[in-house]
Amino acid sequence: MIIRPHQNWFIRLFAWHGSVLSKITFRLSLNVLMSIVAVISYQWYEQLGVHLTIAPFSLLGIAIAIFLGFRNNAGYSRFVEARNLWGSLLITERSLLRQIKSLLPDEPAVHQKVAKLLIAFSWSLKHQLRATDPTADLYHNLTSKELAEVIASPMPTNRILLMLGQEIGKLRRQGLLSDITFELLDNKLSELSHALGGCERLASTPVPFAYTLILQRTVYLFCSLLPFALVTDLHYMTPFVSVFISYTFLSWDSLAEELEDPFGVSANHLPLNAICNTIERNLLEMNDQSPLPPPMKPDEHFNLI
Amino acid sequence: MIIRPHQNWFIRLFAWHGSVLSKITFRLSLNVLMSIVAVISYQWYEQLGVHLTIAPFSLLGIAIAIFLGFRNNAGYSRFVEARNLWGSLLITERSLLRQIKSLLPDEPAVHQKVAKLLIAFSWSLKHQLRATDPTADLYHNLTSKELAEVIASPMPTNRILLMLGQEIGKLRRQGLLSDITFELLDNKLSELSHALGGCERLASTPVPFAYTLILQRTVYLFCSLLPFALVTDLHYMTPFVSVFISYTFLSWDSLAEELEDPFGVSANHLPLNAICNTIERNLLEMNDQSPLPPPMKPDEHFNLI
Amino acid sequence: MIIRPHQNWFIRLFAWHGSVLSKITFRLSLNVLMSIVAVISYQWYEQLGVHLTIAPFSLLGIAIAIFLGFRNNAGYSRFVEARNLWGSLLITERSLLRQIKSLLPDEPAVHQKVAKLLIAFSWSLKHQLRATDPTADLYHNLTSKELAEVIASPMPTNRILLMLGQEIGKLRRQGLLSDITFELLDNKLSELSHALGGCERLASTPVPFAYTLILQRTVYLFCSLLPFALVTDLHYMTPFVSVFISYTFLSWDSLAEELEDPFGVSANHLPLNAICNTIERNLLEMNDQSPLPPPMKPDEHFNLI
Amino acid sequence: MIIRPHQNWFIRLFAWHGSVLSKITFRLSLNVLMSIVAVISYQWYEQLGVHLTIAPFSLLGIAIAIFLGFRNNAGYSRFVEARNLWGSLLITERSLLRQIKSLLPDEPAVHQKVAKLLIAFSWSLKHQLRATDPTADLYHNLTSKELAEVIASPMPTNRILLMLGQEIGKLRRQGLLSDITFELLDNKLSELSHALGGCERLASTPVPFAYTLILQRTVYLFCSLLPFALVTDLHYMTPFVSVFISYTFLSWDSLAEELEDPFGVSANHLPLNAICNTIERNLLEMNDQSPLPPPMKPDEHFNLI
Amino acid sequence: MIIRPHQNWFIRLFAWHGSVLSKITFRLSLNVLMSIVAVISYQWYEQLGVHLTIAPFSLLGIAIAIFLGFRNNAGYSRFVEARNLWGSLLITERSLLRQIKSLLPDEPAVHQKVAKLLIAFSWSLKHQLRATDPTADLYHNLTSKELAEVIASPMPTNRILLMLGQEIGKLRRQGLLSDITFELLDNKLSELSHALGGCERLASTPVPFAYTLILQRTVYLFCSLLPFALVTDLHYMTPFVSVFISYTFLSWDSLAEELEDPFGVSANHLPLNAICNTIERNLLEMNDQSPLPPPMKPDEHFNLI
């Protein structure tokens, strides 16, 4: 399902684009203010010998654009990695359930137990990453004893993985799995462990904070001084050109910071709810259960959360 | 088979290049219009003290070019990843069939059954990604019962993978496969699962929409204001230079957006039909079936779909 | 063996560098012509109010350089990937032969049969990628029945892989390989399948053609108009500077296009003949066969093909 | 746990950002000094025909910015790789313990022994990378005989891995593990070996030192000469603009050098203590031991070490 | 062990940085000469209407900087890949020895035999990559029969790998290894084969030579013409600014070429001797042999070879 809002280019020009615009509105207003100050006062302060030209700002602006490009790369690659990890969750959980259904076709209770634990694993990871309470999403899929154990644990998602390990360990001791087929399933648990650990890593290690500080500082200062450099040439056009350039730089800076932390709930973050819902629908469908929970729909701004 | 049209450089200058040109024609016309307005009116509005110079636009243009480079990287790497996933489909399906022919050389019925399910898997994935009806491409390769099950499922391609799992599970229970050789084949199914899940991920998660909006907005505004910045220096040459610069920026922006979604049917998208046809021909050829379906030919614009 | 010609920097300045220079000579001559036209006519057309300055060309030139950087990245990474795939061919074929020699040290006939099929696999892939006739390189290594089968197949290289699969399947049925050791060897065949499929993918899917067209068009137009922008400042120096800048841009564009398709036979393409020769020498040496075919030598331009 | 200090943009402008600022303070002061010299003396030395303009510095500044972008990429990718290696440590250690608990649910002594060795492995690696004394962190988790052996070894962390290998080798000889399940666990030890070797590689092979030297030299010289190029246009504003541009270049250079060596103890280095603490807490929690050691808290500057 | 010489920034400015400076000294002297020619003669040749301005050189310089950025990326990623391959050598050899010690704890003769072959493998690879005579480093670790066989082979390192394969094949036939544990060890040999083949690939396939030629040619020409473009504005300052800019461009070009071929013996190449020494020390230490060979020390320029 591709969500691509506003194909019409004219509408796009004025479209709402998540939380980026709201974050930079204040800065842009400040920029307009500085421009007006520049237009009004430049003749006065030039008489005092204070003088700014555009040449050093060109050099600086291009340098900052290069660094912004680097920073967006860093932020976007975190976004992509996070999405890949969640994609691998779906892939691995489907594969694990497929394997169990191939190996033990006559054990529907096992199919359902494993599916429930896998579904609980995804929801629990979402809540762990967003620091929200998982109870409402877990109690359908865990026994009350399991739920209590998970809620009590400081590492709830890893605890569910441990339960999955115990489950397939039990199948092996019951003789339903040989060492070889146990290995096959256990490898999928290790893949889930990779996805879990990868998400935890992204959440706990931001891009070194000095990048954010240095870049933001230089972008803000650049945008604030820009009107004074433009005004000699552009006079009354200063506010328009200055706001345009500032918009370009500020929105890229803001977007990079937003993407860097992909597990939030704003418009440019990953729709973890929708992904968990997709995983749940897939696993239930593989077990021929019906009705499936309905797929999540984007809101009026074409956003999923 | 390499399709490289128009080796002659002169023809290339005027060659049709897919849907990009048609998308940006309107914008380029608008740019010509703005240029003419600029040429006609600039003496008048300069008297009013309204004044634009090229220096701030140089800075801005280079910054936008850097961001366009970033965006094209993001879009192109999605295109490459999608192609790699489809390439891994072909590789894995050939490997799986090769393994079955090595392990069970005297079971031609198994060879054909597996080949049919694999062919159906590819076609089904193509239809799922393009949201088209798979029936016409599936009914040759599935029994009517299987077809009904696949069509009824909200996750048809994953359902075919489940059938493949059941098929090799059956071979194991029949004693034709040991646990070790079952593992060998099942690993290939997990690879197919990766390709499937990867394509679903690309289709359901575009590049964060804010990138498209911010970049398009700045590119459009940049191209619209450019003539007014060029006109003081270039006079009558303004429309030519302005359209040339705009063409460069608009076509890169447009191409990035097109590549970002590689499963469409325009000229720069992946030729999924041709790839599915190649997969089908390969698997049938490995089973020594003849005649093979003919390879797909590019159309008069050298395009495959 | 490293081939690094012309260590002397002075010789390098005038060295022949493959097919790039010959491809762009015509364009460079055109550029000289345009420069001369510009020098001769600029006073006349400036009187008509036709006027070009260097500022918009600086902006455009830098933007084009950024896009050329992107394009060279895309082309070069295809070259590197192709080389890696051929490198993995050598690695995997050596590993497979080593495994067979470890597992079945007393079966020299098997060693030789497998080595021959592996050698045939490499040569066949080379001919498939260059669309040349493989017979001369295959008939040493295949029985006449096998050769006929391979030549008749529309997918000859994959057919040889199938034969390798049958060979190790036969060893398993003869009890020379257990399921475990069969798995070990079969995994190497899957790696060969990856290298084969990867090369086929690179050959059949060029960089989206719109990139080539858009970039070439803008580069050519840029180089053609450049003299008219330079002439006001540079007068008689226009042709020299203009040709210098054009050389830089045209050669990068040309090189990117050449590298993008790494299986050709020009100087900057992969020396597939030499690589196949290396593979053959390695495998024969591992079987202590002598004399080995001689290593291929670069020609007088330090090039291998 | 995400640590994102100073969400307020105004505070951010003046926030402390690790050791970068302190490192470049001296250079920035020097730059102010050069600016003042330039402002005071430029009229005098211009009379002598000594003259600098901003155009060549623009070209040079942009080139240096491009190279700084490259260098930050190189440094940052080392930081990311180091973090990934430590992330894989946590993932692998959890997986290994999960497997042992699945395979041998009734052997709590084995669970604890393995957990202790794994915890010791992480702490030992931290101390090896920072060249500090590991005794205080190891003696809880190793027997005194083991501790003596580890401390005496020139490769202490690898020695602990060897002990883990002996431990699972013993389980295999005791018949608690089959060859298959031994393989499963041993593969995890090989993954630990990868993380260990990867960290050792990063620590022992810096980015080629010539990059650091060349870039630092050009950045320092650029910043020192810049005031003399700006002063003709900017007069009294020279110090402000010059310091601003210098800050941008010097802080990026300094940050790249800091990230390049990610195992230090300054603010932008990896918080290895906190990661080891997380690993310890995770493994103990999986064994249901309590109380867990408390999680580490960032200091008043929001930094972990 | 991190080797980071000259932490003091002032010393750094004048530090020796490997072979880069010596390579470009001649070119820089030429540049000074051209600058002096320019300063002396520009008034004369300007009267003849010969005239160069800095604007086209800004455009060209930035384009060249972008291409240098690309080239350094290509060269540096080869350096990193080579280092990773050597890192994986150490990791894999340690893992293989650990596995043998876990599986066969009571066979010290096997431990030592395998360690010796692994050590010989590393030294042989080093000599193969640098085209030096391996005898002195091999005769400690190989029997005289083995040594003769290795020296006689045109692929000596691969020959040692074959011996390792025969060794573990022998253990399997003696019943010391099952098929499963044989597989475990053989997979490590395949990893060694990857490292070997990867190094051979890097050594035999340079970056396409046209990149080196085109870039060097444009950089040299750019640096030679630059003084003539600067002289109109800068007069007596031309030599200083011109040499500064040339130093930046020439050193990056030179460094990229040096890194591209990481197996040499200059300061910015990989210290293969030290890495082989580390491998030898590690494997001997794992076998509790003493005394270990001393670790290699960097020379007075902080360089290892």
Value of relative contact order over chain C, rounded to a whole percent, pairs C-alpha under 8 Å and six or more apart: 34
Relative contact order %, the stretch A:20-166, counting alpha carbon pairs below 8 Å whose residues are six or more apart: 14
Alpha-carbon spread of the stretch A:241-291, three principal axes, descending order, Å: 60, 18, 13
Highest to lowest packing among C:140-152, C:228-240, scored as the average C-beta count within 10 Å: C:228-240, C:140-152
Relative packing of D:265-276, B:115-126, which averages over residues the other C-beta atoms within 10 Å, highest first: B:115-126, D:265-276
Global geometry of the stretch B:46-139, whether rounded, prolate or oblate, following the gyration tensor of its Cα atoms and the 1.5 cut on a/c: oblate
Radius, Kirkwood style, for the stretch C:36-96 when every pair of distinct Cα atoms is counted (Å): 16.1
Most fluctuating residue given options D:Gln47, D:Gln99, D:Gln112, as computed from a GNM of chain D linking Cα atoms under 10 Å: D:Gln47
Nearest beta-carbon to the E/D symmetry axis - residue in chain E, distance in Å: E:Ile62, 5
Mean residue ellipticity (222 nm) of the protein assembly as shown, computed from DSSP H runs ≥ 4 via -39,500 (n - 2.57), nearest 500: -26000 deg cm²/dmol
Label geometry 7 Å along the beta-carbon vector: C:Gln112 inter-copy distances in nm: 4.0, 4.0, 6.4, 6.4
Whole-Å distance, taken between Cα centres, linking the stretch E:107-157 and the stretch B:106-121: 49
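Over 36 Å apart: what share of the alpha carbon pairs of chain E falls there, rounded to a whole percent?
Working: 17464 of 46360 pairs.
Within chain E, distances greater than 36 Å cover 38 percent of Cα pairs.
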Cβ-based charge dipole, the protein assembly as shown, positive-most Cα from D:Thr205, A:Gln289, B:Met237: A:Gln289
The stretch E:183-262 versus the stretch D:162-195: alpha-carbon centroid distance in Å: 46
Average beta carbon contacts from partner chains per residue of B:184-193, 10 Å cutoff: 5
Listed residues C:Thr92, C:Asn31, C:Ala55: farthest to the positive end of the dipole of the stretch C:18-106 (Cβ charges): C:Thr92
Qualifying lysines (Cα of each under 29 Å from Cα of D:Lys145; at least 8 residues distant if same chain): D:Lys101, D:Lys113, D:Lys116, D:Lys126, D:Lys170, D:Lys188, E:Lys101, E:Lys113, E:Lys116
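What is the ratio of the Cα radius of gyration of the protein assembly as shown to 2.2 N^0.38 Å, where N is its residue count, to two decimals?
Cα Rg divided by the expected 2.2 N^0.38 Å: 0.93.
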Of A:Pro156, A:Pro262, A:Pro293, the one that fluctuates the most in a GNM where chain A has Cα springs shorter than 10 Å: A:Pro293
Partner chain coverage, peptide B:237-249 - average Cβ within 10 angstrom: 4
The stretch D:116-204 - Rg and Dmax from Cα coordinates, angstrom: 13.6, 41
For the stretch A:197-305: rounded, prolate or oblate by the Cα gyration tensor [a/c cutoff 1.5]: oblate
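Each reported figure results from applying straightforward, stated rules to the coordinates on display, with no laboratory input. For clarity, every value in this text was computed on a predicted model and none was experimentally measured. FYI the Cβ positions are ideal-geometry reconstructions off the backbone, even for glycines, and counts take in every protein chain you see.
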